[in-house]
1. Counting only residues that are aromatic (Phe, Trp, Tyr), give me the strands (runs of 3 or more DSSP E) lying completely in segment 38-101 with at least 1 of them.
2. What pairs come up if the first residue lies in segment 64-81 and is closer than 20 Å to residue 109 by Cβ and at pLDDT below 95, the second is among the basic types (Lys, Arg) and surrounded by fewer than 19 Cβ atoms within 10 Å (Cβ to Cβ), and their beta carbons are under 7 Å apart, counting only those six or more places apart or on different chains?
3. Any residue that is within 12 Å of the ligand (Cβ to nearest atom) and either over 24 Å from residue 4 (Cα atoms) or in contact with a Lys or Arg (Cβ under 6 Å, 6 or more places away or on another chain) (or both) - is there at least one of those in segment 83-90?
4. Kindly establish whether residue 99 is at pLDDT 95 or above, surrounded by fewer than 18 Cβ atoms within 10 Å (Cβ to Cβ) and of a type outside the set (Asp, Glu).
5. When you check residue 126 against the structure, is it touching a residue at least 40 places away in the same chain (Cβ under 8 Å), within 14 Å of the ligand (Cβ to nearest atom) and in a loop (DSSP other than H, G, I, E, B), yes or no?
6. Would you check which residues across segment 23-37 are of a type in the set (Gly, Ala, Ser) and either surrounded by 19 or more Cβ atoms within 10 Å (Cβ to Cβ) or in a strand (DSSP E or B) (or both) and list them?
7. Is there a residue in segment 4-22 that is in a loop (DSSP other than H, G, I, E, B), free of Cβ contacts under 8 Å to residues at least 24 places away in the same chain, out of contact with any strand residue (DSSP E or B) (no Cβ under 7 Å at 6 or more places or on another chain) and more than 21 Å from residue 108 (Cα to Cα)?
8. How do the pairs read when you match residues in segment 95-122 that are at positive phi with residues anywhere that are small (Gly, Ala, Ser), using Cβ under 9 Å and keeping only pairs 6 or more apart or on different chains?
Amino acid sequence: MNDIKQIDHIGIAVENLDESIDLYRKLGFKISSTEEVPDQKVKIAFVETGESRIELLEPSSPKSPIAKFIDKKGPGIHHMAVQVDDLKAKLTQLKKDGIRLIDKQPRSGSHGLSIAFIHPKATDGVLLELCEKSD
Ligand code: ZN
């Protein structure tokens, strides 16, 4: 079976990554790394929270989906990411089950993960990211 394993991270849209990093440090969180994901037009910082993480996302272009999200709703929780063993198989299964997907094929995310998003209309308004670790 290709069940969901655990929450990998919670994605939070922010306007200014450096300011948010300072804020999270002040709150007592540990920032592990930052990187840019050109595919999604975002700059990312990972905040460690035990087995899962928080992903702070700043748009690196006005065309970024994160920029559009902030325009509409302001900064805040953007998505939840969960781990699966075999993303391709999972997407095939979801398609068969009639679940509306944003990504029909895996694409590359942060930390070398393979990722795909499920449409929030299919998941009670939560943007759900599936991710597969390639180790
Ligand atoms: Zn994410």
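The values are calculated or read from the model by the stated rules, or taken from the named source; none is laboratory data. Everything quoted here is computed from the prediction, not taken from an experiment. Glycine gets a Cβ as well: all are built from the backbone with ideal geometry, and neighbour counts include every protein chain shown.
1. 42-49
2. 64/41
3. yes
4. So residue 99 passes the test.
5. yes
6. Answer for segment 23-37, where residues must be of a type in the set (Gly, Ala, Ser) and either surrounded by 19 or more Cβ atoms within 10 Å (Cβ to Cβ) or in a strand (DSSP E or B) (or both): 32, 33.
7. no
8. 98/122; 111/33; 112/134
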